[in-house]
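In what follows, a single structure is set out as structure tokens and then discussed.
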Amino acid sequence: MFDWKRRRKQLFQEFEAHIDIQTKENIEAGMPPEAARQAARKKFGNVLLAAEQSREIWGGLWLERMLQDLRYAVRSLSGAPAYTVALLCTLVLGLGSVTTMSAIVESILIRPVALPHSEQLVQMYSEDGPGGFNASQIALSYKAIEELQRNAHSFSSLTGYNTMARPVTASDGTSISVLTVATPEFFATFGVQAKLGRLIGPGDARAAVAVVTDEFWRERLHADPKAVGATIKVSGQDQTVIGVLPAGVHVPQGTGGQIVYLPVSINASGQDDFKLDSALAVARLKPGISPKQAREDAQNVFSHADRSNAEQGKRLAMRSYQDLVVSDLQRPLLTLLGGVGVLLLIACANAANLQIGRATSRMQEMTTRSALGASFGRLLQQLVTESILVSLLGATLGAALSYVAIQVLRNAYRMQYSRFDELSIHPIVLVSTGLLAILVGVLASIAPLFSIRRQTTAPVNSRNASRTSRLAGVLVAIQVALTCVLLVVSGLFVRTLRSLEHVNLGFDPRNVTTLILMPEQQNQDPERSREIETRLLQRFETLPGVQSVAMQTDIPFSNYNVVLNGTSEVSGRAYHEGDAANYSMVSSNFVRASGIRLLQGRDFVPQDAASPAMLILVNETFVKKYLVGQHPIGASVRFHRNPGETDADIPFSQPMTIIGVVENEIQGGDLGAPHQPMVYLDYMKLPGSSFLSAVFSMTAQYAIRSPLAPAVMASELRATVAKEAPSMVQMNLQPMEDAIAQSLDQRRLALRLVAGFGVIALLLSAVGIYGVLAYSVALRRRDIGIRMALGSTRGKAAGLIMRQAGIMTLIGLIPGIAGACATGYAVRSFLYGVKMFDPASIVVSGCLLVIVFLVAASLPALRAAQVDPVEMLRAE
């Protein structure tokens, strides 16, 4: 097949041999030699045609023609650099964006978690949580986990774990690290192996041992190969390092950096050393066991267990481990992938328009080739080959651009979002992009092929030109519609971000620095913790430039909130099951330091600590829900304890009196979250011997209001802590305004991506309308020249082109606005403070489209105005 020259030479030699034989026979029949030769050639027929037919029988002609088409396509594209660059830029932006988002979706949502047989891993949880402090977690009690480990037959392994932040002391000093406390089956369940030493196993349930990540080993233990056997302190307790995980391994996924793993130790009451009685549960299914079978097996185990486990078994649910890791990212990523798909459609329509103009400029060439015998199929093959060649080149450059984008995203967000550290472009993504590029090339060449079909089978006339122009106009209208959708969604996201930035926080974060400390000793006496916290509070108040200081167990945006969610009975109102509120401990001067607005009554004062009465503040939501029609000041609230709970558990048996009502403040770190009923208690009134006191003393959170520069304030606070409370370890120290800004990072990322899609779409559409109008001016130069010769002005000629641009834009805006409304409904869960049908976003997007398209149309309009009528008449 590939030795065409030799075989072609042999074929012609064979033809000549046949002609020589016939010539010889003609001479023997009495014909003159010259006439005999001519007669022999005439009888044999067209030698070149016979050679082509023979080569078709060989079966390699298609490959030779394809190589010819490729060479011709390269020469043709190099001869039109402006067209080639414009088409390549269009395809690079479209295919590069698709490749990037496809790689992200494939890496995070589709590719299995980087653990052995990760499809066997499932999370088991109780759908409404076990209550108490873990009510917001989807956890199982340690007793339930032990019951399943003993009696369930569907799991090859099952583990429970809790992740928290704790002080860790190594050779470089004490700092806060992520701590994962797990049952001994933890690493076996996840299928992780050690890089150095060994991992925690069944014999380590009560041992003082630890396993650390590669990052901890490198940064805290200085990558010492003899680190196995070294001693570190976790919350003041000595732990021996027995193993180091391989680089890049973090379990569970979603955590990263310096992590220390400890075996959990459960006491007779079902609590671990950190006073937790429940944990997140992950199990590995046995081969061939489905999640449904495993859930039924677990429920059967619970049905024969004690009452509390049996109740938990009724609420048992199960989901894949991968869903646990990426559940928060699934909808945003798929939404962004849809936006990229819209961008690709715009790029495809733009490529089709560019190729329509290119085909028009080559129409004389195509007509000549058709007249010389080239079939429509042969012309089709040439154009499709050229289009696919450009698309594949665009896909290659787009993949290179995508590679850079993936590296930037991975380095920027690997510590913020689950599995972003695993971002990469897998070969399947590249293959998919290549196939997509071929499809785009074929689709983009369909419109010019129809134009060539018409004009090579009929004389070129204005009617054909008009049809082509209308087709290009339809494609521009589609681009306008899709661009309108992306711009409106971008506008909705911008208005959402602005609404969140201007949401009523309920407090004044300006000039407020938050400081969060944790005792180095895990089992430090609560009374000792209170004494240290109080001394620090008093010392902070005396620092130069400090206006006020307050303690609060749930400072907004601190990420270390400790809050009690409990049922509440209000005087004068019948108790209903589910009546609940969040309870936060605060110090005196809470109102002044936080900047929260006091609506009624008064704030806590130091003298309240000596009063026997239990005094509280409540927020607006509490009043609206539980005190409608009552005067809140002086109303009585009682904490509704569950059966079996005593003062040692919940020391709020006496009625609590409301002394003030404060404005609703943002709770936690979600600016868009609805307000919940809130009760604020004086921290000094909490008995030091109670369980709640031990829980709330795990961290000490301060809000310091001062006009001093944040760096100066931070230095003063660190120096004071080092002097007054060296046993306290800093967890976080930053201006509150910085914490609020960080809470919007995920929404800002989505806004940047969507807005980037909108800008790219706008540029592509502007290029598309410019190309169509420039092509239209080239087709109508004769018509414009005649109009101007008959008295039309240059302004009217320009207005003709501008009117054409306006019609295409308006035709596209109508379906674009409808599509934007439908898209707004689809992304409504991402919006805040703005309706999914937002007239302002639609008007601004429409005006922006019109302005950009008018600018893009101005240059073709100017060219139309510069047509010389004399030159056109002379050409006629």
Pick out the one residue from R592, R539, R510, R535 that is more than 21 Å from P710 (Cα to Cα) and touching a residue at least 24 places away in the same chain (Cβ under 8 Å).
-> R535
Of the residues in region 386-414, those that are surrounded by fewer than 19 Cβ atoms within 10 Å (Cβ to Cβ) and in contact with an Asp or Glu (Cβ under 8 Å, 6 or more places away or on another chain) come to R410, R414
Report, by residue number, each residue of region 780-836 that is among the hydrophobic types (A, V, I, L, M, F, W, C), within 30 Å of Q746 (Cβ to Cβ) and out of contact with any Gly (no Cβ under 6 Å at 6 or more places or on another chain).
-> I817, A818, A820, C821, A822, A826, V827, F830, L831, V834
Residue in region 592-617 that is farthest from T657 (Cα to Cα), counting only those that are among the β-branched types (V, I, T) and over 38 Å from the mean Cα position of the chain (by Cα) | V605
From the list R220, R198, which one is of a type in the set (D, E, K, R), assigned by TED's automatic domain parsing to the domain that holds S154, more than 20 Å from R166 (Cα to Cα) and out of contact with any Phe, Trp or Tyr (no Cβ under 8 Å at 6 or more places or on another chain)?
-> R198
Pick from region 250-270 the residues that are surrounded by fewer than 17 Cβ atoms within 10 Å (Cβ to Cβ) and out of contact with any Phe, Trp or Tyr (no Cβ under 7 Å at 6 or more places or on another chain): which of them is farthest from H153 (Cα to Cα)?
-> G257
Could you please let me know if L779 is in the same structural domain as A481 (by TED's automatic domain parsing), surrounded by 23 or more Cβ atoms within 10 Å (Cβ to Cβ) and touching a residue at least 40 places away in the same chain (Cβ under 8 Å)?
-> no
Of the candidates S845, S841, the one satisfying the condition of being of a type outside the set (V, I, T), within 44 Å of the chain's Cα centre (by Cα) and within 20 Å of L475 (Cα to Cα) is S845
So, in region 112-141, of the ones that are in a loop (DSSP other than H, G, I, E, B) and polar (S, T, N, Q), which residue ends up modelled with the lowest pLDDT?
-> S136
Of all residues in region 713-732 being free of Cβ contacts under 8 Å to residues at least 40 places away in the same chain and under 38 Å from the mean Cα position of the chain (by Cα), which is farthest from I516 (Cα to Cα)?
-> S715
Verdict on G288 being without any contact (Cβ under 8 Å) to a residue 24 or more places away in the chain, in the same structural domain as E185 (by TED's automatic domain parsing) and part of a loop (DSSP other than H, G, I, E, B) = yes
Determine which single condition L744 fails, assuming it passes every other condition in (1) modelled with pLDDT under 85; (2) surrounded by fewer than 18 Cβ atoms within 10 Å (Cβ to Cβ); (3) over 30 Å from L337 (Cβ atoms); (4) in contact with a Leu (Cβ under 9 Å, 6 or more places away or on another chain).
-> (3)
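One line per residue, one yes/no per condition, for (1) in the same structural domain as R220 (by TED's automatic domain parsing); (2) surrounded by 20 or more Cβ atoms within 10 Å (Cβ to Cβ):
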| residue | (1), (2) |
| --- | --- |
| L91 | no, yes |
| A103 | no, yes |
| V113 | no, yes |
| A152 | yes, no |
| V181 | yes, yes |
| E185 | yes, yes |
Of the numbered conditions (1) within 26 Å of L88 (Cα to Cα); (2) in contact with a helix residue (DSSP H, G or I) (Cβ under 7 Å, 6 or more places away or on another chain), P427 satisfies every one except a single condition; which is it?
-> (2)
The condition from (1) closer than 30 Å to D682 by Cβ; (2) at pLDDT 80 or above that V474 misses is numbered (1)
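The values are calculated or read from the model by the stated rules, or taken from the named source; none is laboratory data. Bear in mind that the values here come from a model prediction, so they are computed numbers and not experimental data. Reconstructed Cβ throughout: ideal geometry from the backbone, glycine too, with neighbour counts over all protein chains shown.
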